[in-house]
Amino acid sequence: MATFASASPSAPLLGSYLMLSSTLSAYTLGGAGFDWVLIDMEHSPLSSSDATALVHAVSVASRNKTLTFVRTPSAGVEYVKWALDGGANGVVVPMIQSREQADAVVAHARYPPVGQRSFGPFYAPYANLSGDGTPMGYASETAKHVSVILMIESAAGVENAESIMSTPGISGIFIGPVDLRLSLGLSGPHGEEEVYLRALEKIAQLGKRLDVKVGIFVAQTSVMPKLQQLGFSYFLVGGDAMFLGNGARAALTAAKDVLKNSKI
Ligand code: 3PY
Ligand code: MG
């Protein structure tokens, strides 16, 4: 199994997202060999029941080789609790802008003494094919390895990055480039503007100094080498709805090309 701790710029973890409420999509991406899958409750109307089923489907299809991270719609305790009690290997919490928000996420996600996560992981053991199958076994063993990933995707988040990234109990930072760029007065998912590059450099340097993994969504994979050089160690490269659209267009184009060249 890929571990989040193993992510490094020279061996980055590659992930894809799930937005469709389809266990077949989850089995398919779970079987495709990604290091991690992001189950996106933030920008698709997946319920916590959907997310739990998708976590289990990816875990089974990948034989626990693909890490399951649920992106919650907000930092609310209920979302963090349902995601982790469903057996996700981690949570990705959007739009963190202050140390107080970061502390609250860790409190929701980690059992005492680090945090205040409440006991009740009754679905979680079924996502771990090699655990002892009990909620207690999950809480005493598997839960220790849960990843707590905070999204920095605003000018305020960049401004407060050092205190956010110094929060005990976090595992990684994930940059939402589109929201970050919007907040900086820019558009699109990528660009070379100085204010944007300075923000990425700041987060990457803090990641190295504070030993926090730093990752980002990439709308085009050609930007990855430059980001690796900065210190980024995990990337989100696409997802189910996008793959379906790309595959559908490619199949249609290929079929039309064959017909165009057909002599009949
Ligand atoms: C963003 O670009 O804002 C994202 O959240 C990508 O996942
Ligand atoms: Mg975003």
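Here are some notes:
- Residue in the range 245-256 that is charged (D, E, K, R) and buried (at least 19 other Cβ atoms within 10 Å of the Cβ) present: no
- All of 193, 201 fail the test of being within 16 Å of ligand 1 (Cβ to nearest atom) and over 27 Å from residue 89 (Cβ atoms), apart from 193.
- Put simply, of 170, 152, 96 the only residue that is crowded, with 19+ Cβ neighbours inside 10 Å, under 23 Å from residue 236 (Cβ atoms), within 16 Å of ligand 1 (Cβ to nearest atom) and touching a residue at least 60 places away in the same chain (Cβ under 8 Å) is 96.
- Considering 25, 44, 21, the condition of being assigned to a loop (DSSP other than H, G, I, E, B), in contact (Cβ under 8 Å) with a residue 24 or more places away in the chain and away from ligand 2 (no atom under 16 Å from the Cβ) is satisfied by 21 alone.
Conditions (1) within 30 Å of residue 28 (Cβ to Cβ); (2) at pLDDT 95 or above; (3) polar (S, T, N, Q); (4) in contact with a helix residue (DSSP H, G or I) (Cβ under 6 Å, 6 or more places away or on another chain), marked per residue:
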{"site": "155", "(1), (2), (3), (4)": "no, yes, no, yes"}
{"site": "158", "(1), (2), (3), (4)": "no, yes, no, yes"}
{"site": "167", "(1), (2), (3), (4)": "no, yes, yes, yes"}
{"site": "188", "(1), (2), (3), (4)": "yes, yes, no, no"}
{"site": "222", "(1), (2), (3), (4)": "yes, yes, yes, no"}
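- Selected residue (only one of 117, 63 is on the phi > 0 side of the Ramachandran plot, part of a loop (DSSP other than H, G, I, E, B), among the basic types (Lys, Arg) and at pLDDT 95 or above): 63
- On the stretch given as the range 161-192, residues that are of a type in the set (Asp, Glu) and more than 16 Å from ligand 2 (Cβ to nearest atom) total 2.
- Residues that are more than 16 Å from ligand 2 (Cβ to nearest atom) and surrounded by 20 or more Cβ atoms within 10 Å (Cβ to Cβ), drawn from the range 28-41: 29, 30, 34, 35, 36, 37
- Subset of the range 14-27 (residues that are buried (at least 21 other Cβ atoms within 10 Å of the Cβ) and out of contact with any helix residue (DSSP H, G or I) (no Cβ under 6 Å at 6 or more places or on another chain)): 15, 17
- Subset tally (residues that are within 12 Å of ligand 1 (Cβ to nearest atom), buried (at least 17 other Cβ atoms within 10 Å of the Cβ) and of a type in the set (Val, Ile, Thr)) for the range 173-190: 1
The values are calculated or read from the model by the stated rules, or taken from the named source; none is laboratory data. Please read all numbers here as calculations on a predicted model, not as lab measurements. When we count neighbours, we look across all protein chains shown, and the Cβ atoms used for this are built from the backbone with ideal geometry, even at glycine.
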